[in-house]
Amino acid sequence: MPYGLDVMQVLKGDEACAAWLKALDDPAIPRLAVELPDALDLPDVLVDLAVPHEDIAQLLSLRRELEGSPELLALLGRAVSGLLWKRDEPGEGTGLPEFPAAAGVMGRCFAVFVFVAALPYTRAFHRSRGIPDDVSRRSLADLGRNLAVHRRRFGTTGLLVPWWPTRHFRGDLYQLGRLQFERARLGRRTGTAIAGSGGPAGPGEPCLSVHIPDFRGPMTPEACDDSIRRASAFFARHFPEEPMRVAVCHSWLLDRQLGRYLPADSNIVRFQDRFRIAYMSDEPEDDTPVAFVFGGTETPRDLLPRRSGVQRAVLGHLDAGGHWYAGHGWFPMPGE
């Protein structure tokens, strides 16, 4: 069986991927003209996206395989078209699923080619909004950082969570100093809690979703203040039709149990203090803090280091039989 058909069979046999393939068939999706950079230009494009040098040779080899497969080229065009569908509406589009392990290295890397092929459209969207080139470059470099995470954890080329960079390449998420901010809309539960407490927004209204990347050093109050000021000015200037009156965060970092282990003046506790809690998740998310703090969940917990206060807090709480939960918090944006 030709290579591309073999991969397609694997996708059709996976429930999530089969649903994605079906969503791509929606006749309402405009079919975009899609092509990959040629073999001479692709390395420069990957370097600009902060892709690790160790991964570039593998991606060049996969490009040749992809170009030789009519089935995968057709899927690439459909995937880019679905990804960028309804681009002016945050959180829309068909997204990208995680491919099954049986899809092999192409399955681990197919999303990279989707993002590279979508790049001209993303940059055109940024230019149409007047977004500065440096903000565009730093935001899209998250693709390379996620490839670096995969290599650090597994020693191979791939994207662990291909759905994450969809936010960047659709024009929803931007790196603004220490924090990342994503155009979003308030969900029912968070929005109801905000409106019920007299806040300035309710369900379905625009908001900024705050994300905390782990590569930019300490999350100091000064760095967070700077990011929030930048975000307030940035979105008012470039997305004036979406009044961002509140910022939200959905993270284990808002679990107030951390306050039992960390000093009141620690960066994490001071970050928590910015937010009013709308609600806490009902189900524990014990693996999430372990992955965030230690870079993965592959190492047995008893072998993990306990050098920093947050390392000791995360593991000590689990050792005592406790669980970590995601907090869903919000604060009014400056001027509200």
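A few comments on the model shown:
Yes/no matrix, rows are residues, columns are (1) touching a helix residue (DSSP H, G or I) at 6+ places or on another chain (Cβ under 8 Å); (2) over 19 Å from G296 (Cβ atoms):
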site	(1), (2)
G144	yes, no
L147	yes, no
F154	no, no
V161	yes, no
H168	yes, yes
L186	yes, yes
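- Among the candidates R145, R138, R129, the residue that is without any contact (Cβ under 8 Å) to a residue 40 or more places away in the chain, out of contact with any Ser or Thr (no Cβ under 6 Å at 6 or more places or on another chain) and among the charged types (D, E, K, R) is uniquely R138.
- Restricting attention to the range 8-37, the residues that are part of a loop (DSSP other than H, G, I, E, B) and either in contact with a helix residue (DSSP H, G or I) (Cβ under 9 Å, 6 or more places away or on another chain) or not assigned by TED's automatic domain parsing to the domain that holds L147 (or both) total 13.
- For the range 209-224, the condition holds for no residue, the condition being that it is assigned to a loop (DSSP other than H, G, I, E, B), in contact (Cβ under 8 Å) with a residue 40 or more places away in the chain and surrounded by 21 or more Cβ atoms within 10 Å (Cβ to Cβ).
- Cross-chain or 6+ apart pairs with Cβ under 6 Å, the range 10-38 first and closer than 18 Å to L66 by Cα, then assigned to a loop (DSSP other than H, G, I, E, B): V10/P100
- Candidates are the residues of the range 147-166 that are in a helix (DSSP H, G or I) and either crowded, with 23+ Cβ neighbours inside 10 Å or of a type in the set (V, I, T) (or both); the one that is nearest to the chain's Cα centre (by Cα) is T166.
- Only one of R64, R108, R31, R87 that is among the charged types (D, E, K, R), out of contact with any strand residue (DSSP E or B) (no Cβ under 8 Å at 6 or more places or on another chain) and buried (at least 19 other Cβ atoms within 10 Å of the Cβ): R108
Yes/no matrix, rows are residues, columns are (1) at pLDDT 95 or above; (2) part of a loop (DSSP other than H, G, I, E, B); (3) more than 16 Å from H168 (Cβ to Cβ):
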site: P90; (1), (2), (3): no, yes, no
site: F99; (1), (2), (3): yes, yes, yes
site: F113; (1), (2), (3): yes, no, no
site: V116; (1), (2), (3): yes, no, no
site: L119; (1), (2), (3): yes, no, no
site: R123; (1), (2), (3): yes, no, no
site: R127; (1), (2), (3): yes, no, no
site: V135; (1), (2), (3): yes, no, no
site: L143; (1), (2), (3): yes, no, no
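- Within the range 1-44, the set of residues being farther than 18 Å from G77 by Cβ and among the small types (G, A, S) comprises G13, A16, A18, A19, A39.
- Filter result for L40 (outside any helix (DSSP H, G or I), farther than 23 Å from L84 by Cα and in the same structural domain as C109 (by TED's automatic domain parsing)): yes
- Hits in the range 32-82 (condition: closer than 15 Å to F115 by Cα and basic (K, R)): R63, R78
The values are calculated or read from the model by the stated rules, or taken from the named source; none is laboratory data. Keep in mind that this is a model prediction, so the values were computed, not measured. Because the Cβ atoms are built from the backbone with ideal geometry, glycine has one as well, and the counts that use them run over all protein chains shown.
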